[in-house]
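Encoded as structure tokens, the structure appears first; notes follow it.
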Amino acid sequence: MIRIPFLLGGGALVVTVILFSVGILIPLAAIFAQTDFSKIGDPVILAVARATVWQALWSTVFSGLVGLPLGIWFGRSIRNGVRPIHRVTEVFLALPFGIPTVIAAFAWVSWLGRSGILAKWGFHGPSEILYSLNGIILAHVFFNAPWVALFVSYAVSNIPNSHWEAAATMGSRGIHRFCYLIFPWIKRTWLGSLVQVFSLCSMSFALVLLLGGGPPVQTLETALYSKIRLGTLDISGAAACAFWEMLITLTPWILFLWIERDRPALLGTERSKITGPLKKWDVLLSGVCFLFLVPYLSVLSPRSFLNWIVDSRLRIDLGSALEISLKLCAVTSILSVVSALIAVGAALVFSRQGFLRKIFLSVLAVPSGISILVLGLGFWLAYGNWIDPFAGSFWAIASLQTTIYFPIVLRILWPLANQSRLRLLESAVLLGSSPQEAFLEIEWPRWRPVVLSSLAIVAAGSMGEVAAVSLFYSENLVPLPLLISRWMSQYRFEDGHAASALLFMVSVLVTVEVFLGRSRFERTNR
């Protein structure tokens with residue numbers, strides 16, 4: 001454990017408490033202060049809450065049923081070492097989660113629309129699931145099943161060889177091996193992933209808004225948004241929706257935080273490299289995982305690039321939106337990492353009180369279980385005297401995104417801080433190095449790739465984030481995801497194709513950088 005000066009750690013603790021209060025406690029208190037509890041039992045809001053739970057539940061069930069066998073297959077494949085094709089498969093499983101939701105919505109419309117890709121191939125039946133609950137569930141499964149499979153695969157690959165050998169000696173095969181060896185080892189990881197999927201699907205905004213068609217399928221997210229931005233401003237109704245959504249999303253998230261201690265880390269899972277000829281089952285596995293990316297490739301049609309070339313007005317609109325998106329990405333990423341580093345310093349104050357440290361870190365992780373729309377409503381109510389939502393606010397958007405993403409960065413950075421090379425640092429200082437020089441030479445090579453990957457993760461998320469943007473945008477503040485959403489609602493599908501292709505390529509590059517950073521982390525820690 002790193003030992004830091006008391007004043008420095010105390011200062012970090014004070015700053016963390018202030019930031020948490022400003023970003024979470026005050027906005028949530030503002031929501032409760034505005035909540036009309038007589039509307040909590042409004043039959044219309046209760047019906048929307050039931051619909052939210054229903055769609056999240058079925059999305060979770062199907063994601064879990066698809067992700068479990070796929071994760072076991074991949075985990076057994078990498079158990080004894082990693083081939084280059086395994087790295088490719090891993091990226092295939094990670095990429096869908098980095099695809100912005102507006103891209104997913106646009107892609108599914110391109111596939112399932114009455115004049116979409118499948119209709120042109122002669123399949124008209126799938127168009128019936130567009131703008132329905134089934135279409136939303138399908139999109140959620142393609143998003144989340146690879147993510148479940150990824151974490152299950154890490155858990156399977158971590159089963160000790162002695163367990164496999166014991167099972168083989170006892171003649172355990174097939175279903176018996178699954179029931180008595182594999183599932184008992186991975187069940188907490190699998191269930192933790194499902195809890196996270198349920199919470200994320202409950203908070204799904206852009207997919208429900210664009211694929212649900214508005215009135216046909218409405219959840220608490222879209223209902224809250226419509227009560228603020230569409231039609232008559234209904235603060236009390238929005239607060240009632242926020243109350244039910246926090247109850248639905250925070251309950252499983254708190255359960256997830258309890259389960260998460262047994263989950264493998266996304267960054268830093270070290271595997272030896274193996275070489276040799278490709279195995280046909282590895283190639284088949286990679287092909288199966290690639291299928292989860294196929295729907296999104298429709299945005300890369302030739303007409304997308306042709307529109308860039310021939311339409312100067314489109315290039316200007318895209319350039320302006322992309323510039324705003326990149327600025328949001330940069331500010332949100334830097335603020336998230338800086339906030340997480342301060343929180344790490346604050347957590348290290350409790351180095352001798354393990355229980356207090358766990359409570360502190362768990363509390364800091366809570367914001368990830370709160371919908372960004374709910375938090376945005378709190379910002380709207382708490383800081384409305386300083387922020388005019390209808391005039392647009394770049395810093396309100398960046399602050400909301402930072403509040404949601406910094407707990408993710410904290411969970412990535414904390415294991416590094418908890419496993420520092422203290423003896424090497426002390427030896428370097430005794431040999432005449434300054435503390436700063438010792439850190440840069442010994443610790444920073446370990447931290448650099450993980451910090452860069454953390455920046456990339458936040459950048460990928462903020463690049464495609466729609467909810468905060470939808471609350472605090474203005475005509476002079478329209479990032480790329482909101483521009484795509486607007487063009488879809490205006491049936492400007494040609495322009496939407498061009499914008500979607502641009503956002504898709506940027507998101508893919510950022511997501512790939514995350515896994516390149518992971519590989520660099522492994523090399524520096526061998």
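Normalized C-alpha radius of gyration of the range 169-219, against 2.2 N^0.38 Å?
1.91
Test of understanding: what is the full-extension gain from LYS279 to SER236, defined as 0.36 nm times their sequence separation minus their Cα-Cα distance?
Numbers: separation 43, 0.36 × 43 = 15.48 nm, distance 5.99 nm.
Gain in length upon complete extension: 9.5 nm.
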For the range 250-255, in residue order, the Karplus 3J(HN,Hα) values (coefficients 6.51, -1.76, 1.60; θ = phi - 60°; whole Hz; Gly and Pro = x) are 6, 4, x, 5, 5, 4
Taking a straight Cα-to-Cα line shorter than 25 Å from LYS227, and setting aside same-chain lysines fewer than 8 residues away, one finds LYS39
Two pseudo-spin positions, 7 Å from Cα along C-beta at VAL288 and at ARG173, lie apart in nanometres by 1.9
So the pair-distance distribution of the range 134-240, from every Cα-Cα distance in 10 Å bins, comes to percents of 13, 29, 22, 16, 11, 7, 2
For VAL82, other-chain or 5+-apart residues with amide H closer than 5 Å (H placed, Pro excluded) are SER272, LYS273, ILE274
With every protein chain kept in place and a 1.4 Å probe, the residues LEU46, LEU65, LEU452 fall, from largest accessible area down, as LEU65, LEU452, LEU46
Karplus-derived 3J(HN,Hα) from phi for the range 362-368 (6.51 cos²θ - 1.76 cosθ + 1.60, θ = phi - 60°), whole Hz, x at Gly and Pro, runs 5, 5, 5, 7, 4, x, 5
Per the rule of 0.36 nm per residue minus the C-alpha distance, extending VAL366 to ILE309 adds in nm 16.0 nm
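Quick one: if the Förster radius is 30 Å, what FRET efficiency do ILE334 and ALA33 give, using the C-beta to C-beta distance and rounding to 0.05?
On the way: r = 32 Å, r/R0 = 1.07.
Computed FRET efficiency for ILE334 and ALA33: 0.40.
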Taking protein heavy atoms only, a 1.4 Å probe, and rounding to whole percent, the accessible area of the range 302-403 owed to carbon and sulfur comes out at 67
FRET efficiency for PHE355 and ARG79 from the Cβ-Cβ distance with R0 = 35 Å, rounded to 0.05, comes out at 0.50
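Taking the solvent-accessible surface of protein heavy atoms with a 1.4 Å probe, what is the per residue accessible area of the range 1-97 in Å²?
49
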For VAL88 and PHE123, extending 7 Å from Cα along the Cα-Cβ vector and measuring point to point gives, in nm, a value of 2.4
In whole angstrom, the spacing between the Cα centers of the range 154-193 and the range 48-85 equals 17
Rg (one decimal) and Dmax (whole number) from the Cα set of the range 309-397, in Å, equal 18.9, 64
A chain fully extended from ALA47 to TYR491 at 0.36 nm per residue, minus the present Cα-Cα distance, gains in nm 156.8 nm
PRE zone check, label point 7 Å out along Cα-to-Cβ of ILE26, amide N under 14 Å, scope the range 359-380, hits 378-380
Two pseudo-spin positions, 7 Å from Cα along C-beta at LYS187 and at THR251, lie apart in nanometres by 2.3
Per 10 angstrom bin, beginning at 0 and ending with the bin that holds the maximum distance, the Cα pairs of the range 58-202 fall in percents of 11, 33, 29, 17, 8, 1
For the range 52-106, using Cα atoms only, the Rg and Dmax in Å read 14.3, 42
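The values are calculated or read from the model by the stated rules, or taken from the named source; none is laboratory data. Here the structure is a predicted model, which is why all the values come from computation and not from measurement. All Cβ positions, glycine included, derive from the backbone under ideal geometry; neighbour counts span all protein chains shown. Heavy atoms of the whole protein, side chains included, go into the accessibility calculation; ligands, DNA and RNA do not. Shrake-Rupley method; radii C 1.70, N 1.55, O 1.52, S 1.80 Å.
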